[in-house]
Amino acid sequence: METANALSALSALGQESRLAAFRALVQAGPGGLSVGELRERLDLPPATLTAHLNVLRAAGLVLDQREGRVIRVRANYAGMDALLAYLTENCCAGAADCGPASCCPPPTKGTKR
């Protein structure tokens, strides 16, 4: 992932309603949600949700598909995985066994980082 793409994704997720929408789509799984279902879950006006989805779409975090009269929105898991990989690619200086739980535990009381 290029730095500009990472910045776009992070910026898109840096707004409360967009983060809530993205999290709801991730939780919904590969089937996603219709725009109407997502709007009801988030309790947002239709035009507001449309604007937020446009930002998430432009950042490569959501995909949509028309199904007759319904638009189904899904989290773009490949985009999410790419962002996570970008953020962690140099974790622990590239150690093979590196991961958030294995080498980056939260500091214990009295430990400085």
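In terms of the Cα gyration tensor, with a ≥ b ≥ c the square roots of its eigenvalues, is region 3-103 rounded because a/c is under 1.5, prolate because a/b exceeds b/c, or oblate? Cα axes put region 3-103 in the prolate bin.
What list do you get for Glu2, Glu40 if you sort them by fewest beta carbons within 10 Å?
Least to most surrounded, the residues fall as Glu2, Glu40.
Of Asp81, Asp64, the sequence from fewest to most neighbouring Cβ atoms within 10 angstrom is Asp81, Asp64. Note that region 37-46 has calculated 3J(HN,Hα) couplings of 4, 5, 4, 5, 5, 8, 6, 10, x, x Hz, one per residue in order, obtained from phi through the Karplus relation 6.51 cos²θ - 1.76 cosθ + 1.60 (θ = phi - 60°); glycine and proline are x.
Laboratory data are not the source of any read-out in this text; all were calculated from the coordinates shown. As the structure is a computational prediction, the values presented were derived from the model and not from experiment. Glycine gets a Cβ as well: all are built from the backbone with ideal geometry, and neighbour counts include every protein chain shown.
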